[in-house]
Structure formats: C-alpha cells, structure tokens
Amino acid sequence: MSPLPLLQSTLGSLRSWRLSRPTSPESPSWRRLGHLGALLLPWSTRTGWLVYTLVCFAVSLVLTFPTNVLLQRVIASVPRDVGVRARYTEGNCTWSEGCVLHDLVLEGSALAGSTMQFSRFTVDPSLWSLLLRGQPWPLIFSADGYGGTVAGTVRQLIGGVSAQLSLRHLTLDQLPFPAPWGQGRVAGKVLVDGEFSGNPADLYSLQGTFTAIVTDGALQAGAVNGVPVPALQTVQASLRASLASGRLEITELRLNADGVEVLLQGGIALRTPMVRSGLDLQLTARSTTDSPPPALRTLLALLPASQTAPGERRASITGSLGVPVVR
C-alpha cells in the first residue's frame, strides 16, 4: 500500500479530532488552562531576568544584612523615648529572632534609680520604621531574669510612649528593692499585668492600670521608717491599682499573712524622691484564726477597733512614705 493515502488518512483523523475537541467556552477547565498558558508564556519571557535579579538581591541582603548597625540603632533610639540606658556584653540580630542581647543591664530615671539585669533580652523592632525613620516602634520585647520572664510591647505616642507589660513568676528576693526594704528581705513569686502611657521621665504624665498577685510570699522581720514589721511566713497578696496625674490609686490591696487578713484602699500622691510621697490610705484588718502569731496580735491590738464590725480593726494612714502616721 502506498504511504501517501495512509498519510492523508492520518491528517484527516487529526483534523477531525481538532474540530471535535472541547474548545468551546462551555469547558471551564480548558478555559483556565488557556488563560494560564497565555499568562505564563509572556511573563516568563519578559520578566524572567528581573525575577532572577530580585531573588539574588533578596538572598544577598539576608546574608550580608548589617545586623550590628541595626542593633546599635535600636539601643541608641530606645533610651531617647523610654528614659533608660542599656549596657550588654554580647548581642546579635537575626531575621527569625530579632535582636538578642546577653547580660543586659538597664538603668535610668524610669526605673526610679534601680538597676535591672537580665541574662537574655530579646527585642523585635519594626524594621521598616527603624530603617526609614530611625525609630523602632512598635517594639516587642521579652526577657529572662530574676527567676521568671518579662514581656511586652512599646509604642510611640505624641510626647511619650505606651507600654503593655506582663511579668511572670519573678522571684521577689532577687529583685533590687529600694531601701528600706532591701534585696532579699521580701520573698515570693509575683505576676503583674499592666498598661501604661506617658513620658517615663515625667512622673506626672504617666497613667495606666495594673494588677499584681504575690504567691508563696514571706517577709523578714525589721523596721520600715521606724515602724516595726514582724516576720511573716505565709503571705498571699493581690493588688488592683491605677496611675494618673502623679497619683497612685489603690483600688484594692488584699493581704493574707499568718492568719491575718488586711485590706488597704486609698491613694498615694507620688513625689520625688519617693519617700516624700503623700499617703491617704484606709486600712482594715481582722484575724482569721484564734491564735495568730504574737507579733501580729500585738500589732492588731494597737489599731483602733471598728465601731460597726466586731473583730475588725480600722485605721487611717497619712503622712508620707518616709514618715507614715497611723490613726
């Protein structure tokens, strides 16, 4: 048989198959494939080299990014707005973890003269804001130290900053409490959640709310500004307070210690130095056991008895933190 008729027959079959295949708009799958092919063919030919160049630039940027410069800009910009100075022994910035500082020391007016130390401090600034405007806000941070963790977010406001803070299981006997309490005199674990805004360098511009819980607490015996404080073996405490216009408003401070329950409410007008802060507090105390420790029983006996609630002792605390007056 001649190959010419066979070739003609094959071409005729292909022509008929092409005419009969689903090229009509009624086939969604074929339409999608056609659109995809129409898009990919010109895109790959026109912009392939551009995409390749961008990929190479991104890889080189990640590998050669000046992390030391970024870290220095973060450390330099934060103190201007937060009011703290930072020192550290080693630090580095990565794309996955942000900036990690080791053996960080914080000090400044915002910490009321105290010095805070953290074994590891992680800072995750806003890279776009830092590179374009030289400011790291919003800045997310977390720290390990004092037996627990500290985390929060700091944002910039007009004339100051706003901060959300969370402290988890910090060990009180490791914290640098100012005199007359002294480091190591107060023991326990503390959890704190708070929100603040204002200029940390200006005490009267700060405002916010916070809560605190102390568990497994204890207190060494001694004296605070001439007032004797007995040793406490089992202390549980909870605090709800707010801060505005230089006044710390204590909504509720409830303390349970060695069979005695104490409720403290009122306000503290903050001053600098802190020992000059004015007190306007109301104290209510009662024994929850028939045999409290002798030192606590003596202190309860010194407080005026309530005229309306049998077994309760009530007193007003005025004066200042340095010289409190109990009536």
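Please treat every number below as a calculation from the coordinates, not as lab data. Keep in mind the model is a prediction, meaning the values are calculated, not measured. Cβ atoms come from the backbone with ideal geometry, glycine included; neighbour counts cover every protein chain shown.
Check which residues have an amide H placed less than 5 Å from SER277's amide H, if you skip close sequence neighbours.
Under 5 Å from the amide H of SER277 lie the amide H atoms of ARG271, LEU321, GLY322, each far enough along the sequence or on another chain.
Where does the charge balance sit around LEU206 when Lys and Arg score +1, Asp and Glu -1, over other residues with C-beta under 12 Å from its C-beta? Write out the running numbers ahead of the final one.
Working: positive: ARG247; negative: GLU195, ASP202.
That works out to -1.
Which value, in Å to one decimal place, does the Kirkwood hydrodynamic radius take for the range 242-327 when every pair of different Cα atoms is included?
13.9 Å
Please give the contour-minus-distance gain from VAL323 to THR251: 0.36 nm per residue of separation, less the Cα-Cα distance, rounded to one decimal in nm.
Gain on extension, VAL323 to THR251, equals 23.7 nm.
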